[in-house]
Amino acid sequence: MKFLKNVYLRQLILIQKMDFNLTEEQLMIQQAARDFAQTELLPGVIERDEHQKFPYEQVKKMGELGFLGMMVDPKYGGAGMDSVSYVLAMEEIAKVDASAAVVMSVNNSLVCAGLEKFASEEQKQKYLVPLAKGEVIGAFALSEPEAGSDATSQKTTAIDIGDHYLLNGTKNWITNGGNAQYYIVIAQTDVEKKHKGINAFIVEKGWEGFVIGKKEEKLGIRGSDTHSLMFTDVKVPKENRIGEDGFGFNFAMAVLNGGRIGIASQALGIASGAYELALKYAKERKAFGTEIINHQAIAFKLADMHVNIMAARMLCYKAAAEKDAGLDISESGAMAKLYASQVAMDTTIEAVQIHGGYGYVKEYHVERMMRDAKITQIYEGTSEIQKIVISRSIAKK
Ligand code: CAA
């Protein structure tokens with residue numbers, strides 16, 4: 001264990017020296033994700049976006065390849081990889097299909113990671129194993145109609161009535177909301193205690209009183225399914241509470257710190273996917289007698305994209321390496337997400353601009369990427385929330 005920690009610390013030092021020195025295994029995972037994205041995700045990505053079609057077959061294959069429980073210990077059905085490998089795979093998947101990437105990110109970072117770190121052994125055997133193997137997928141239900149950024153203001157309640165809790169309330173904008181089998185639901189168990197009176201529960205699809213609301217019609221990541229969830233007197237067994245009584249808010253925050261690395265990598269992938277397409281187009285498309293990359297107006301846009309993407313990638317690797325080293329990642333995860341999501345937005349807008357009229361139509365992919373990018377500045381903590389996290393962290397130093 002000590003040896004492993006030393007390996008991670010060495011990797012962190014290498015990353016800080018800007019010498020990524022990816023291992024052979026990490027490069028293999030990157031290549032496997034790249035191949036999967038090209039062969040399985042690219043065909044049909046436009047159609048799934050247009051019709052808001054969930055990538056069922058592709059997600060099933062991602063499970064079989066180990067992409068849905070990447071960092072989980074093999075003894076719980078996972079692939080046992082490190083967080084840097086996860087970032088590498090996320091970037092490759094998101095380059096091609098940001099919708100498939102968010103399914104992967106939520107299952108890995110919010111659901112599996114939360115259960116592996118904080119759930120009981122019984123909960124792990126029952127829920128983590130099938131989730132990590134990708135036999136089923138999970139969802140993380142924190143946001144509510146009146147509690148998004150202000151996550152302590154939970155209105156969903158779970159009242160202790162002896163041998164079980166009675167869950168009531170509504171959750172909004174839940175990724176994997178319709179297709180998940182297991183849901184981690186955050187609820188207030190004692191209003192007086194404010195955030196210390198919040199708990200996290202594992203809830204199964206199909207339990208009496210649990211209704212999945214309408215699928216949201218979204219601007220981007222349209223291949224992913226986003227739903228509201230309604231709970232009316234849902235009986236949640238005591239043994240389905242995660243951790244000690246009152247641990248739910250700290251659980252959610254700890255899980256989201258890791259989740260933000262996943263979303264940062266998704267944003268990185270969207271940006272690098274758009275950049276690669278814009279670069280290719282700029283080398284082929286001619287205007288005023290030459291390929292448009294020879295016009296400084298285009299070349300400088302590409303130079304900016306290239307630099308920004310590299311900087312975003314470094315922040316993602318750094319946060320991931322810190323996670324692998326067991327360090328506090330609240331600040332580095334927030335920095336990676338804040339920066340990479342801005343880069344995704346800027347890059348995709350410019351990629352559309354470089355493509356001109358072609359960029360505005362679906363078959364060139366970049367208009368979808370521009371729509372997909374926006375959510376990375378909103379979910380798992382808006383950019384404004386990331387700035388709260390970062391500024392509070394630096395104020396403490
Ligand atoms: N890491 C660890 N702990 C944290 C933390 C962090 N990043 N941020 C706060 N905490 C802890 C604090 O230490 C404190 O714990 P103690 O009382 O035990 O000391 C507790 O949480 C409360 O913290 P604050 O007093 O700072 O609470 P606050 O209300 O002032 O602010 C916040 C907290 C940072 C704004 C928080 O509410 C937040 O992160 N909001 C955004 C929520 C969010 O990311 N929602 C996304 C929804 S999930 C989603 O999008 C999933 C999906 O489907 C894709």
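The values are calculated or read from the model by the stated rules, or taken from the named source; none is laboratory data. Predicted model, so just to flag it, every value in this text is computed and none were measured. Here Cβ is always computed from backbone atoms with ideal geometry, including for glycine, and neighbour counts include all displayed protein chains. SASA here: full protein model, heavy atoms, side chains in, ligands and nucleic acids out. Shrake-Rupley method; radii C 1.70, N 1.55, O 1.52, S 1.80 Å.
Among the protein heavy atoms of the chain, carbon and sulfur supply 55% of the accessible surface, probe 1.4 Å, non-protein parts ignored. A straight chain from ARG285 to SER393 at 0.36 nm per residue would run longer than the Cα-Cα distance by 34.2 nm. In this structure, THR39 and TYR358 have a Cβ-Cβ separation that, at R0 = 30 Å, corresponds to a calculated FRET efficiency of about 0.75. Compared with the dominant Cα axis of the chain, that is its longest principal axis, helix 248-284 is turned about 20°. For a modelled paramagnetic label at LYS60, 7 Å from Cα along Cα-to-Cβ, the residues of the range 130-145 in reach, with backbone nitrogen under 17 Å, are 131, 133-138. Here, the chain yields an orientationally averaged convex hull projection of 19.7 nm² when only Cα atoms define the hull. Extension gain, GLN296 to GLU25, is 93.6 nm, computed as 0.36 nm per intervening residue step minus the present C-alpha separation. For the range 162-196, the residues whose backbone nitrogen is under 14 Å from a point 7 Å from the Cα of LYS238, taken along Cα to Cβ, are 162-166. Residues in the range 246-288 average 33 Å² of solvent-accessible surface per residue, probe 1.4 Å, ligands and nucleic acids excluded.
Relative to the dominant Cα principal axis of the chain, helix 366-375 is inclined by about 30°.
Against the chain, whose longest principal axis is taken from its Cα atoms, helix 296-324 shows a tilt of about 30°. Size descriptors for the range 148-291 (Cα atoms only): Rg and Dmax, in that order, 20.8, 79 Å.
Model label sites at GLU276 and ILE378, defined 7 Å from Cα along the beta-carbon direction, differ in position by 2.7 nm.
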